[in-house]
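This report refers to the structure that appears directly beneath it.
The values are calculated or read from the model by the stated rules, or taken from the named source; none is laboratory data. Note that the coordinates shown come from a computational prediction; the quantities given were computed from them, not determined experimentally. Cβ: placed from backbone, ideal geometry, glycine included. Neighbour counts: every protein chain shown.
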Amino acid sequence: MQSDNRAAEKGNRVERVTQIAQAIQLISEAREELPAWFIVEITPRADVWLDELDRNIEAGDNPILAQRMLPPFFDALRLPDTPARKDRLAQRCVQVLMKQRRYLPALAILESLPEKNLKLAADCYEGSGQLAKAAAAYLQLGDNEKALRCFRSAPDFESSLNLVRQMNRTPPGHRSNGSANWMPYWRDDRRTSTAP
């Protein structure tokens with residue numbers, strides 16, 4: 001009996017979220033034609049709708065759909081804090097997508113924003129395997145350790161060596177000339193270089 005109730009609640013919740021999404025799309029599509037009285041009437045309900053959508057944003061493709069649907073809805077309501085709402089929504093969607101390890105959609109959102117968040121972009125590049133871009137972004141941020149990790153994972157031994165030299169750090173037993181001496185060190189972190 002309880003499982004039936006839970007299934008019904010879940011079904012009702014999914015149906016409610018779908019209805020809210022449809023209403024938001026209709027309002028967004030008609031935003032140029034909406035009379036002022038309608039906006040005044042709908043705005044108090046909008047916060048309830050947005051809260052409901054936020055509670056369900058982590059499910060499936062909801063962060064991607066929310067980022068696509070809600071900014072035009074914010075514009076339709078002509079709220080004074082529309083830019084701030086858009087920024088908060090984008091950050092929330094990116095956080096959810098990164099938590100789900102869906103780095104490419106998160107990166108697409110980040111790249112569409114007027115103000116770039118290089119730190120989050122670097123993390124997305126790294127998570128999606130775009131190690132050269134991640135290393136470049138980490139270098140811009142001044143995070144040499146993460147840049148080095150990306151160079152080493154690529155593997156880009158020349159860039160790794162150059163960065164280590166810039167950082168004035170040398171592995172145990174290394175002499176300062178010749179990149180051939182570095183190969184054993186870069187291939188396996190668990191052993192020490194056998195260079196003389």
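Structure values in brief
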{"read-out": "Meets criteria (more than 26 Å from LEU107 (Cα to Cα), assigned by TED's automatic domain parsing to the domain that holds LEU104, at pLDDT 90 or above and within 27 Å of the chain's Cα centre (by Cα)) for VAL48", "value": "yes"}
{"read-out": "Matching helices (runs of 4 or more DSSP H) fully within segment 91-196 where at least 2 residues are within 18 Å of the chain's Cα centre (by Cα), among the small types (Gly, Ala, Ser) and at pLDDT 90 or above", "value": "103-112, 118-127, 131-141"}
{"read-out": "In segment 50-105, residue farthest from GLU32 (Cα to Cα) [restricted to those that are touching a residue at least 24 places away in the same chain (Cβ under 8 Å) and of a type in the set (Gly, Ala, Ser)]", "value": "ALA66"}
{"read-out": "Hey, CYS93 of a type outside the set (A, V, I, L, M), over 22 Å from CYS150 (Cβ atoms) and buried (at least 22 other Cβ atoms within 10 Å of the Cβ) or not", "value": "yes"}
